[in-house]
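Visitor: Here it is: the structure, laid out below.
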Amino acid sequence: MNLSKRLLLILIAPFGGLGAFGAFAQEPIPLKGDELFGTLRARQIGPALMSGRIVELEAHPTDPRVMYVGAAGGGVWRSKDGGVTYQSIFDKHTQCIGAIALDPTNPDKNIWVGTGEVWTRNSVSIGDGIYKSSDGGENFTKMGLEKSERISAIEIDPTNANVVYAGVQGALWSASADRGVYKTTDGGKTWEKILYVDENTGCSELVMDPKNPQVLYAAFWEHRRTAWSFNSGGLQSALYKTTDGGKTWNKIHNGFPAGKLGRIAVAIAPSNPNILYSVIESEKDDTKGLYRSDDAGANWKRTNGDFELTVRPFYFSRIVIDPKNPDILYKAGLSGSVSRDGGKTFRTLGYMHSDIHDFVIDPNNTDHLTIATDGGVYRSWDGGSVLDMVKNLPVSQFYQVSVDNAKPYKVYGGLQDNGSWYGPSESPGGIENRDWFSVGQGDGFRVYRHPTKANITYSEMQGAEYIWRYDIDRKQSKVIKPLAEANEPKLRFNWNAAMNLSPHKPDRLYIGSQFLHRSDDMGETWTKISPDLTTNDPAKQQQENSGGLSADNSGAENHCTIFSVAESPLDENIIWVGTDDGNVQVTTDSGKTWTNVVANVPNLPKNTWAYHVEPSRFDKNTCYVVFEGHSSGDFAPYTYKTTDGGKTWKSIVTKDIPTYVRHIKEDLVNPNLLFLGTELGLYVTVDGGQNWSQFKSNVPPVAVHYIAIHPETNDLVLATHGRGIIILDDISPLRQITKDVIAKDVVFMQTKPTVVREDAAFAEGGDAGEYVGDNPSRVAKIIYYLKNRHTFGKMTMEIFDKDGKKVGDLVPGKSKGINVVDWAYRLKTPKVAKAKTLSFGGFTAPRLPVGTYTVKMTKGTNTYEHKVTLVADPNSMHTDADRAAQYETTMKLYDMTEQLAYMVDNLDAMRDGAADRLTKNAKLKKVVEPMLKEFDALKETLVVTKGDNYVGAAEPQFREKLASLYSEVAGYAGRPSNAQMANLKVLEGRFNDAKTKIEGWQTTQLPKLNAQLVKLKLDEIKLRSFDEFKAADK
Amino acid sequence: MKTLKSIALTAILSLAAWSVQAQTVDEVIDKYFENTGGKAKWAALKSIKISGKAKAQGMEIPLTIVQEQGGKQKVSINFQGKEITQVAFDGSNAWTTNFQTMKAEKMEAEETENMKINGASDFPDPFLGYKDKGYKAELEGKETIEGTECFKVKLTKKPIKVDGKSEDEVSYYFFDTQNFVPIMSRTTGKKGQMKGIVQETLMSDYQETSSGIMMPFSMSMKFNGQVGQAMTADKVETNITIDPKEYVMPEGK
C-alpha cells in the first residue's frame, strides 16, 4: 500500500462510522429551505430516450414554431423553435398537468395551465388548481380552484380575455363538490361554478365554438377509482350545451344510447361549427363508439364502433379534428387512428409508443402532426403514417431507483409503461440517451443489480407477470417468479410488486405476493416464509369486475398484496413488510413468526397503504414506515418511527409537509438526517423530523417515488415520477449541520479528500435534439456554512500549497446557508509571449500535485482557514514517480513559456525603443538600423508575426512549438513520452540560444546605445524586471 | 385611559409595521439609491471605468469595462498580452472582435438598434429616473434568493426587436429586504445561442467608489442555474475622461 492510498483510508475513516452523531436526541434546527441549503444544487440526468406520459399538447394559434407540452408528472415544456428543443417553464409548481390554454388575444403573453391529469390511470398524480402567466411563462400565479384536483379543459373567450371557462373533472378517489364547469369574468380573480351535476360526476371535456364564444359543450363523467377497483359510468354522465355563455345548459342526447353512460369525448370542427363528433362509452357494445352531429349537437348518429374508438375510454377519450377539413379526425387510443371520411372508417396510425392521448394539427400544414403518448411526444409530416420521437423531453416516470458499486456508479429503475433500465451516473460529455440500456419490458418497477455479480440484474413487469434475472453480458433473461404450489391459493401480486435484495446475503432475493417469498439462490428456488400478511379482504379482490361500463382488468387494481419489504441492515432475521391494505408486519426470527404492528400506530386511518418500510441502519429496533392514503382521497402525510420494534410509534412529519408521502430514506451516517419523497417534491430534515424543508434547487415539486443513497459518493438519487432521475451529489454537508454550526458566522464543512481523476475521454454528441444530462463535477469542493449572505465589503478566497505559496484565487460563494465553491486545483495559465495571433496551447493550466492545501477566506476583517486534500486516483495506471515526472516537465515548460514571454517583452522594448529614438535623431541610423534588422530576424523565429487564428494561420514558430509540447505534457497525467522528452531537449536548445542572444544584446549593445542616447539627450531605453512584467496586465 | 392609550399605540405601531411590509416599488428603489450614496451622487455620475478580472473555466482574464452617459460603452479583455474588444458601442455603431481573425466586426444591425433603444438610458443605473426613461417597474412580491428574502422587481424597458418582431425587454431585480440593494438580476435570452437560457447575475461585495456611490465589486453569473463566469473589480474609477475614439470601430485592421 503506498502512502497516498493509506492517506486516503485514514481520511475517509471518520466518515464511515457514526462519528460524532451518535443516537442522541437532536436539538431542533429551525432553518428552512435555502437558508439551510444555500447553493447546493441537484442535477437532472433524464433519461429522455423513453420519455414519459404526455397528457396535453397546445399549439400557438399563429406561430407554428411554438408548442406547449403538458406532462403527466413532468410539468409544462415549451418549444419556440419548431420542436427541436423544449424548455421546462413550470418548475416551481406541481408537475401533474391537465390542460394548457393560450389566450387567443395575446398568445405570446397569457398562458393558462390547469393542473391534475385527466387520464385517470392507477398511478396518476394530483393537481392543485389553475395557474396563469401574463409574461409569456416566466412566472405563473395560482388563480384558484385549489381543490379541483384535475382540470380537463380551459377555454378563453377570444373577444374578452377576462372570460375564461374551466372544466373541472375533480377528485378521482373521493366524492367532491369541487367539480363541474367554472367561469371567471375577471381574469381568474373569482370563479363561479356554472354547471354542476353531483359530487361523483365531473367535467371531463369542455369545448368552445370557434365562431361563437357563447356556445360551449361540456362532457360530464361519473367515475371513481379506489386502490382495488375502478368504475367508469353511471346515469349522471352526459353531454351538455350552452348557447348563452353558460347561463343555461341543456343535455344534447338525441341519438345517444339510453341507460348509463361512461366517459364522453367531444370535439367541434374548427372549419364548420355545426359538425361535432363524440365518442360514447355505454352499456352495450353495439352502441359504444363514434357519433356524429351535423346540426351542432341537436341530433347524433353512430358511425363506427371499432376497437380504437371504444378502447379504455378513461384513458383515451379525445378526438381532434383537422382545422380545414371536418371529415378528417384523429382519435386517441391504444395506437391512435384517423378517419378521412367523416368518421365512417378509420385506419390505425403509424408506429409510435402506444397509448395516445392528444394531437395537434398544424393549421398551415395539416399533414404535420404532433402527438402525445405514454412514451413522449411524436411528430409526423405525412398525416400520421411515419412518426419520429422527440428525444429531449426528460419526463420519464420512475417507480423506483437503485444504484450499484461500479465506478462511476450506475442507476437502475423501472418506469410507467416504459420498461426497466439502467444508465450511468456520469458519462463523457454528459449522460445521453445512448448511455441507457433496457433490462425489462412492459411497465417497469423495481430493478436491482446483483450486489456482487456485475452482469446480473433483477427486474419485473406489471403485476409480476414476469420477474426476470437478466445477464447483461450474455443478453439472456430467465423468468424467476415464484409460483403457487399445490393446494396454495392464487398468488396476488401488486401492479408494482414488492421486490428487494438482502443487505447480508448477495444471492438472496425477496418477492411479495400476499405471502413473502425468499430465494437464496438468485430466484431458482423460492421459500414461502410467511402466511398471508394482508387483510385478505375478498371485497377488495374483485378485479375481474373492475372498469365499470368497459371492463378494465389490467392488474392495475390488484390489491391485498405486499407492497414493501426490507431486511434489517443490522440483523438478517428481522424483516419488515408493508401491505397495500394497511398492514405492517415484522418478524425477528427470519419469518417463523410474524406480528402485525399497525394497530400500534397512532392517528392513522385504518387500511392506509403501508407504502414503504425503512429499517434503521443504526438500531435494529428502529424502523420508519410511510403510509399513504391518496387512493382513498386522503392526501395527508403519514410517516412514523418506532424505536422498540413496532410496539410504539411516533409521527415524524410536521405541518411543513403539504401533501402525501411515498418514501423515506434514512441517511447512512447521520441518523437525524432523513429524506422524504412526497407527491410534491423532496423534503429534508437535519433534526430527526422536527423541522422539514423542501429542497428546491433543480428539484421541481415532482412526485418522488423512491430514494437511494450511494454509500461511497454520498449522492442522493431520486426516482421521480415525471422528471426522471435527479441526483443531489454528495450530501455530506447536510450531515454536519448542527445547532452549533448554525450559530456561527462561518463554518467550513469537512469533505472527503478529492480524488484527482485522470481519465479524460473523447466526447462526441450533445446535439440540440437529444437530451444530455449533467455530469457530476469532478473538482475539489470547498464547502462552508454562512450565517448571513455576504453583500457588503470584500470577500476573497485564496489557496496556498504546503510551502505557503499561493496557487489559486477563487470567487467565494456568498449565499446564506451552505456554499459550495469549486476548485479545479490548477495553477493559472502561464503568461504567454505577445504575438500576432493567440497561442491556444498557452491556455492550458497545469494541474497541481496531490497533497494538502490551505484555503484562506477573508470576509471583511476576518480570516478563516481550512484544509483541502487531493489524493491520487486509486485506479491510476501511473506511479507516483510518473506523476512527479509529468509535473516537473510541465512546470519546466510552464516556466520556459513565461521566460520566453519575458524575453520577447525585452526584445520588443529594445526594438520599439530603438526605432522610436531613431525617429527623434537621424544620427542614430547607422547604429540602430542593423540592430533593428537583427531584432526582427530573431523575433520572427520566436513568435508568429502574421496570419490569423484559423485557416489563415502562419507557420508556427518557437512559441507555438513550445506551447504545443507544454499542453500535450500538461494534458496527460502520466510520464511524458520519450518523443516528448527528446523534443523538450530540442526546444531547450533553441530557447537557450535565443536567451543567450537577447541577453547578449541587453548586456552589450543596449548599454552602448543608451550611452549614445544620453549624449544625444534622448531618454534611455529601460527594460522591466521579470516580476514587473508578470504583474503587468497590459 | 392608560389601557386605551396603549391600545392606540399598538395600533399605530402595527400600522407602521404594515406600511413597512407593504412596500411600493418606488419605496424599494428610493431606499436602494439612498443606501448606496443618494440619488444626487448617482445623477452626477458621468462615466465609469471598471478594471478587474473575469474568471471562467479556470482561467483568469483581465477585463476592463467603460461606460458613460449617453450609452457609450466598451468591454475589453486581455488575452496573452493582446487587448480584445468583446463589445463596444459608440452611440451609433456596435461592434465586436472575431476570435479567428482578431479583426473588428460590426454587430448585427438589429442588435445595434436595440442598444440604441435602451443603452443610452441604462447609464448609470436603469432604475435612476426610470419613469422618465419610459421604463416600467413593478413589485411582484418576494422571493428568496441565496437564502435571503428579497423584493422581486420587474423592470420593463422599451420594447426591442427580436428577429424583426417587437418584444418587451424584461428583467427581474431582487432587492434584499434588509438593506434594499439588489443581490441578483434575472433575464432570459431571446435569440441566438442564448435563446431560452435564463441568465442570473449575483451581486455582492458592495463597496464605496471615489464618487461616494456603493457598487457591487463582485458579480457571478449563472446560466440555467449553473455557475458560469465571475467578474471581480479591482478598481472602479468614476467621472474620468475617456477618449471618444476608444469606442469607435477600428477600420481596415
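Just so you know, all these numbers are worked out from the coordinates, no wet-lab data involved. None of the values given here were measured: they were computed from a predicted structure. Heads up, the Cβs are rebuilt from the backbone with ideal geometry, glycines too, and the neighbour counts pull from every protein chain shown.
Visitor: Which ³J(HN,Hα) values in Hz, rounded to whole numbers, follow from the phi angles of segment A:778-788 under the Karplus curve 6.51 cos²θ - 1.76 cosθ + 1.60, where θ = phi - 60° and Gly and Pro get x?
Guide: 8, 6, 6, 10, 10, 10, 8, 9, 10, 5, 9
Visitor: Further question: Could you give the alpha-carbon Rg of segment A:463-529 over 2.2 N^0.38 Å, rounded to two decimals? Mind dumping the intermediate values first?
Guide: On the way: Rg = 12.1 Å, N = 67, 2.2 N^0.38 = 10.9 Å.
Against the compact-globule rule of thumb, the ratio is 1.11.
Visitor: Past the 23 angstrom mark, what percentage of all C-alpha to C-alpha distances in segment A:880-1031 do you count?
Guide: 48
Visitor: Quick one: work out Rg over Rh on the C-alpha atoms of segment A:218-315, Rh as Kirkwood radius.
Guide: Details: Rg = 13.6 Å, Rh = 13.9 Å.
My calculation puts Rg/Rh at 0.98.
Visitor: Expressed in nm², what is the orientationally averaged projection area of the convex hull enclosing the Cα positions of segment A:232-376?
Guide: Its average projected convex-hull area is 8.7 nm².
Visitor: Quick check: residue separation of A:Arg474 and A:Asp619 times 0.36 nm, minus the Cα distance between them. What number comes out in nm?
Guide: Full extension from A:Arg474 to A:Asp619 adds 48.1 nm.
Visitor: What is the gain in length, in nm to one decimal, between A:Glu27 and A:Lys505 on full extension, counting 0.36 nm per residue of separation less the C-alpha to C-alpha distance?
Guide: Fully extending the segment from A:Glu27 to A:Lys505 adds 168.4 nm.
Visitor: Determine the shielding of peptide B:45-56 by partner chains: average, over its residues, the number of Cβ atoms on other chains within 10 angstrom of each Cβ. Each step should come with its number before you reach the end.
Guide: On the way: counts 0, 0, 0, 0, 0, 0, 2, 0, 3, 0, 3, 0.
Shielding by partners across B:45-56 averages 1.
Visitor: When you look at the Cβ of every residue in A:785-798, what mean number of other chain Cβ atoms sits within 10 Å? If you can, show how the numbers build up before the last one.
Guide: Values: counts 0, 2, 1, 3, 11, 6, 15, 10, 6, 7, 5, 3, 0, 0.
For peptide A:785-798, the averaged partner shielding equals 5.
Visitor: Sort A:Ser530, B:Ser121 by Cβ crowding within 10 Å, fewest neighbours at the top.
Guide: Lowest count first: B:Ser121, A:Ser530.
Visitor: Which three lengths, in whole Å and largest first, does segment A:480-639 cover when its Cα atoms are put on their principal axes?
Guide: 50, 41, 22
Visitor: List the pairs from A:Lys665/A:Lys752; A:Lys183/B:Lys131; A:Lys109/A:Lys391; A:Lys696/A:Lys814; A:Lys505/A:Lys528; A:Lys147/A:Lys301 whose alpha-carbon separation is above 25 Å, in the order I gave them.
Guide: The answer is A:Lys183/B:Lys131; A:Lys109/A:Lys391; A:Lys147/A:Lys301.
Visitor: If we count other beta carbons within 10 Å of each Cβ, what is the order of A:Ser967, B:Ser76, fewest first?
Guide: Details: A:Ser967 21, B:Ser76 18.
Going from least to most buried by this count: B:Ser76, A:Ser967.
Visitor: Please identify, among B:Ala54, B:Ala44, B:Ala94, the residue showing maximal mean-square fluctuation in a Gaussian network model of chain B using a 10 angstrom Cα cutoff.
Guide: The residue with the greatest mean-square fluctuation here is B:Ala44.
Visitor: Still on this structure, please answer the following. Identify the residues of segment B:71-89 with backbone N under 17 Å of a label point that sits 7 angstrom from the Cα of B:Ser171 along the Cα-to-Cβ direction, or state none.
Guide: From segment B:71-89, the list is B:71-76, B:87-89.
Visitor: Could you tell me the extents of segment B:24-247's C-alpha atoms along the three principal axes, largest first, rounded to whole Å?
Guide: Sorted largest first, the three principal extents are 50, 42, 36 Å.
Visitor: First obtain the Kirkwood hydrodynamic radius of segment B:132-187 from its Cα pairs, then insert it into the Stokes-Einstein equation at 4 °C and 1.567 mPa s, and state the resulting D in µm² per second as a whole number.
Guide: Roughly 107 µm²/s, to the nearest whole number.
Visitor: Pairs A:Lys655/A:Lys816; A:Lys787/B:Lys158; A:Lys806/A:Lys995; A:Lys739/A:Lys805: which are spaced more than 31 Å apart, C-alpha to C-alpha?
Guide: The answer is A:Lys787/B:Lys158; A:Lys739/A:Lys805.
Visitor: Next question. In peptide B:199-212, what is the residue-averaged number of other protein chain Cβ atoms found within 10 Å of each Cβ?
Guide: Taking the mean over all residues of the peptide, I get 3.
Visitor: Which residues among segment A:396-431 fall inside the zone where the amide N is under 16 Å from a point 7 Å beyond the Cα of A:Ser354, along Cα→Cβ?
Guide: What the label zone holds, given the 16 Å backbone N cut-off, is A:415-420.
Visitor: Please express the Cα-Cα pair-distance distribution P(r) of segment B:181-253 as a list of whole percents, one per 10 Å bin, running from 0 to the bin with the greatest distance.
Guide: With a bin width of 10 Å, the distribution comes to 16, 31, 30, 22, 1.
Visitor: Between A:Ser777 and B:Gln178, what is the label-point separation in nm under the 7 Å Cα-to-beta-carbon projection?
Guide: Between B:Gln178 and A:Ser777, the simple spin-label model gives 2.4 nm.
Visitor: Would you mind calculating the gained length between A:Asn455 and A:Lys794 on full extension (0.36 nm times residue separation, minus the Cα-Cα distance), in nm to one decimal?
Guide: Details: separation 339, 0.36 × 339 = 122.04 nm, distance 5.41 nm.
So the extension gain works out to 116.6 nm.
Visitor: Return the FRET efficiency for the residue pair B:Glu251, B:Asp30: r is the Cβ-Cβ distance, R0 is 45 Å, and the value is rounded to the nearest 0.05.
Guide: Plugging the Cβ-Cβ distance into 1/(1 + (r/R0)^6) gives 0.50.
Visitor: What does the charge dipole of segment B:57-177 about its Cα centre add up to, to the nearest 20 debye, if the Cβ of each Lys and Arg holds +1 and the Cβ of each Asp and Glu holds -1?
Guide: Dipole about the Cα centre, nearest 20: 320 debye.
Visitor: Something else: Between A:Lys920 and A:Gln236, how many nm apart are label points set 7 Å from Cα along the C-beta direction?
Guide: 10.0
Visitor: Quick one: compute a quarter of the convex hull surface over the Cα atoms of segment B:124-253 and quote it in nm².
Guide: Result: a mean projected hull area of 11.1 nm².
Visitor: Size of the protein assembly as shown along its principal axes in angstrom, Cα-based, largest extent first?
Guide: Result for the protein assembly as shown: principal-axis Cα extents of 119, 86, 72 Å.
Visitor: Arrange the following residues from fewest to most other Cβ atoms within 10 Å of their Cβ: B:Glu68, A:Glu940. Don't skip to the answer; put the middle values down first.
Guide: Numbers: B:Glu68 23, A:Glu940 14.
In increasing order of surrounding Cβ atoms, one gets A:Glu940, B:Glu68.
Visitor: Next question. Give me the aspartates and glutamates in straight-line cross-link reach of A:Lys859: C-alpha distance below 12 Å, same-chain residues under 8 apart excluded.
Guide: A:Asp745, A:Glu798, B:Asp205
Visitor: Something else about it: Once the Cβ-Cβ distance between A:Val386 and B:Lys195 is put in as r, and R0 is 25 Å, what FRET efficiency do you end up with, to the nearest 0.05?
Guide: 0.30
Visitor: How many nm separate the modelled label positions at A:Lys606 and A:Phe307, each set 7 Å beyond the Cα in the direction of the Cβ?
Guide: 4.4
Visitor: Can you give me the P(r) profile for segment A:658-731? Cα pairs, bins 10 angstrom wide beginning at 0, each as a whole percent.
Guide: In order of increasing distance, the bins hold 21, 59, 19, 0 percent.
Visitor: What translational D, rounded to a whole number of µm²/s, comes out for segment A:266-350 from Stokes-Einstein when the hydrodynamic radius is the Kirkwood one over Cα pairs, at 25 °C and 0.890 mPa s?
Guide: Working: Rh = 12.5 Å.
Taking Rh from Cα pairs, D becomes 196 µm²/s.
Visitor: Over all directions, how big on average is the projection of the convex hull of the alpha-carbon atoms in segment A:773-814, in square nanometres?
Guide: 4.8
Visitor: Return the FRET efficiency for the residue pair A:Ser697, A:Arg990: r is the Cβ-Cβ distance, R0 is 45 Å, and the value is rounded to the nearest 0.05.
Guide: Between A:Ser697 and A:Arg990 the formula returns 0.30.
Visitor: Output the relative contact order of chain B, whole-number percent, from Cα pairs under 8 angstrom with separation of 6+ residues.
Guide: 19 percent.
Visitor: Could you tally the net charge around B:Tyr135, taking each other residue with its Cβ under 10 Å from the Cβ of B:Tyr135, Lys/Arg +1 and Asp/Glu -1?
Guide: +2
Visitor: Also: Normalised by the number of residues in chain A, what is the relative contact order in percent for Cα pairs under 8 Å and 6+ residues apart? Before the final figure, lay out each step's value.
Guide: Numbers: 2748 pairs, mean separation 93.5, N = 1034.
Reported relative contact order: 9 percent.
Visitor: Quick one: what Rg and Dmax do you get for segment A:722-806 from the alpha carbons, in Å?
Guide: When restricted to the Cα atoms of segment A:722-806, Rg and Dmax are 18.2, 51 Å.
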